[in-house]
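Bear in mind these aren't lab numbers, they're just calculated from the coordinates by the rules spelled out. This one's a predicted model, so the numbers in the text were calculated from it and none came from an experiment. Because the Cβ atoms are built from the backbone with ideal geometry, glycine has one as well, and the counts that use them run over all protein chains shown.
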Amino acid sequence: MIRLSNVHKSFGSHEVLKGVNLEVREGEKLVIIGPSGSGKSTTVRCMNGLEIPTSGHVFIDNVELTRKNRIELVRNTSSMVFQQFNLYPHLTVMGNLTLAPVKLFGKSKSEAQDIARHYLEVVGLEEKAHAYPATLSGGQQQRVAIARALCSQTKIILFDEPTSALDPETVQEVLNVMVKLAGEKNITMVIVTHEMGFAREVADRVIFMDDGTILEEGTPEHFFVSPTHERTRQFLGKILH
Amino acid sequence: MIEQILSPACWLVFLADWHLFLQAFGVTVMVSIAALALALALGVVFGVMSTSHFLLPRNVARAYVEAIQNTPLVLQAYVFYLALPYIGVMMGQVSVGIFAVGIYHGAYIAEVVRAGIQSIPRGQSEAAASQGFTYVQTMRWVILPQTVKIILPPLVNQMVNLIKNTSVIALIGGTDLMNRTNDWATSGASIYGPPFLVCGVLYFLLCFPLSTWGRRYEEKLKKKDSHAGEELRKIEEELS
C-alpha cells in the first residue's frame, strides 16, 4: 500500500531521515514511536508528499509519489490528521467537512452533507455541525479533523501526533475515536504517537525510530515485553515511567 | 477666494453650471470603480505570485511592485498617455487614467495581499495539500478567504487613496471632477471659491464614509479577535 525505499531527507545541512525502508500493508495499523527529532513526523509527511525525499522513493499502490503527481495521488489515496488540527477557521464544521468532497470529488452539496453528518456521528459531534472551530475545545476540534479526513473516504489515514497538542482531559476522547476507527479493516492507519497504551491496543506493528532510521520493529507484544535494543528499552522506560 | 465663498452672487454663477460638476463627479466615481476593479485583480494575482515557491513569478511580482512604488504616479500617467499611442494603443484620457491608477494601486494592493497571505499559518496550506487541493484551489478556497478578513482595513486605506489619486486624470486632460473644477474656475468668470470648495466636499463625501467604516471594522476586529488583530498590527507595521 505504502512503500518507502531508502528515503533520505535533509533540511539544509541537517539530515533528518537517513535511509528509511518501510512497507505498510493494506488495512494495517502501524504505530511509529521514538524520541522527538527522530524523524517520525518527517516519515509520515513523506507518505503524502508534504515532504519530498532528498533521495529515495515513496510508492503508494505501486505508483511513485513525485512532485508532479503528489496532489492527484494523495487526493485519491490518503488523508491526514495533524497535531495542530489545522481546521479551516473561516468555515463551520460542516464547511470543513464538505469542502474537499464538493470542490475536489464533485459531490453535490446535499450528498456531501449526508456523508459529513454520518462521520460527525462516528466522532460523536453531530450537534456541532454549524459551530465554528474556534468555539470548540481542542479535543472536539481534533475529532472534527478526524471526521474531515474520513469524509475524503480514502484508504489511508495518516496521524501526526494527533493528541500531543491536547489538554490531558481531552486526549482520551480523541483516542476513543481512533480506537473505533482501528476496528475498520479496510482503513490503513499510520500513527505517530507517544500514547503507548493506545499503541499497544490498536497497533498491528510498532516501529521505533531513532536518529533518522528505523531502529526496531515488531508486534506490540514484542515491543512492550521484550524489546531487542537497549536504546528502545531506554526510551520505553522513560515514557512508561 | 474667501470672499467668493461668502458671496451669493458667485454661488449663483457656479450653481448655474452645477450639472457640469455633477457629470464630472460621475466620471470620477466611474473611474474609481473601474480602477479599483483593475487594482484588486492585479493585487490578488501579483500578491499570490509573490508568495509562490517558484523564483520566476516571485521576481516578476517584485519587479512590478518596486517599479510602480518607486516612481511617481504622475509620471506613470504621462507615460501611459504619451507612450501607448506609439505601440498602437489608442485610448481616451479617462481610459488611460483608469489604467494608470489601477496599475499603480495594484502594486500597493499586491503588497497588502502578500502580507495577508503570509500571516496565515502554514498548517492551513498543509491541511489543504493533504486533502489534495492544488495551489490555486488552496488559495481560492482556504487561504484568500481567511486573508480578506485581516487585510480589509489596509485595503480600505488603499481604496481611499485610489479615489483621491484618480485626480491625476486632470493632468492628462480627462474631464473628471478635478479637471472640470480647475477648468471652470480658470476660464471665464474667475470664480474659484465655490467650485474648489464643492470639489473638496464631493471627494470627502466619497472617502470619509469609507475610511470611517475601515477604522470601525479594524477596531472591532482587534477587540473581538485578538489573533486577527495581532496579525493586522504586524501587517500594518510591515506596510508602513
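Tabulated values for the structure
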quantity: Rounded FRET efficiency, nearest 0.05, which uses the C-beta distance separating A:N62 from A:K103 and R0 of 25 Å; calculated: 0.35
quantity: Residue range of chain A that is longest and free of GluC sites (Glu not before Pro) which are both DSSP loop and sparsely packed (at most 15 other C-beta within 10 Å); calculated: A:27-183
quantity: Proxy reagent accessibility, fewest Cβ within 10 Å first, across B:S32, B:S211, A:S36; calculated: A:S36, B:S211, B:S32
quantity: Acute angle (nearest 10 degrees) that the helix A:230-240 long axis makes with the longest principal axis of chain A, alpha-carbon atoms; calculated: 40
quantity: Charge dipole (region B:55-142, unit charges on Cβ, about Cα centre) - positive-most of B:N70, B:A110, B:G92; calculated: B:A110
quantity: Cα-centre dipole for region A:1-40 with unit charges at Cβ (Lys and Arg positive, Asp and Glu negative), debye to 20; calculated: 60
quantity: Positive-end residue, the protein assembly as shown charge dipole about Cα centroid, Cβ charges, pick of A:H14, A:A100, A:T188; calculated: A:A100
quantity: Rounded to 10°, Cα long-axis angle of helix B:93-118 versus longest principal axis of chain B; calculated: 30
quantity: Positive dipole terminus of region A:1-156, leading residue within A:F82, A:P35, A:L50 (C-beta point charges); calculated: A:L50
quantity: Relative exposure of B:I163, B:I120, judged by other C-beta atoms within 10 Å (fewest first); calculated: B:I120, B:I163
quantity: Chymotrypsin sites (Phe, Trp or Tyr not before Pro) restricted to region B:1-97 and DSSP loop, no more than 13 other C-beta within 10 Å; calculated: B:F54
quantity: Test item: A:86-93 mean partner chain Cβ contacts at 10 Å; calculated: 6
quantity: Assigned charges on the beta-carbon of Lys, Arg, Asp, Glu; the protein assembly as shown dipole about Cα centre (debye); calculated: 440
quantity: Estimated dipole of region B:80-198 in Debye, rounded to 20 [Cβ of Lys and Arg +1, of Asp and Glu -1, Cα centre]; calculated: 240
quantity: Cα→Cβ-extended label distance, 7 Å offset, between B:S211 and A:D114, nm; calculated: 5.6
quantity: Length added when fully stretched, B:K164-B:L20, from 0.36 nm per residue minus Cα-Cα; calculated: 49.9 nm
quantity: Region A:45-88: trypsin sites (Lys or Arg not before Pro) in DSSP coil with no more than 12 other Cβ atoms inside 10 Å; calculated: A:R67, A:K68
quantity: Simple spin-label estimate for A:E72 and B:D183 in nanometres, 7 Å along Cα-Cβ; calculated: 5.8
quantity: Cα→Cβ-extended label distance, 7 Å offset, between B:F204 and A:S164, nm; calculated: 5.9
quantity: Crossing angle, helix B:144-165 versus chain B [Cα axis fit, 0-90 degrees, rounded to tens]; calculated: 20
quantity: Calculated FRET efficiency for the pair A:N186/A:T219, C-beta based, R₀ 30 Å, to 0.05; calculated: 0.90
quantity: Filter on A:K9/A:K40; A:K109/B:K149; A:K29/A:K185; B:K149/B:K223 - keep pairs with C-alpha separation over 20 Å; calculated: A:K109/B:K149
quantity: Gained length - B:V148 relative to B:V136, 0.36 nm times residue gap less alpha-carbon distance; calculated: 2.7 nm
quantity: Förster-model FRET efficiency, 60 Å R0, B:I2 and A:Q153, C-beta, rounded to 0.05; calculated: 0.20
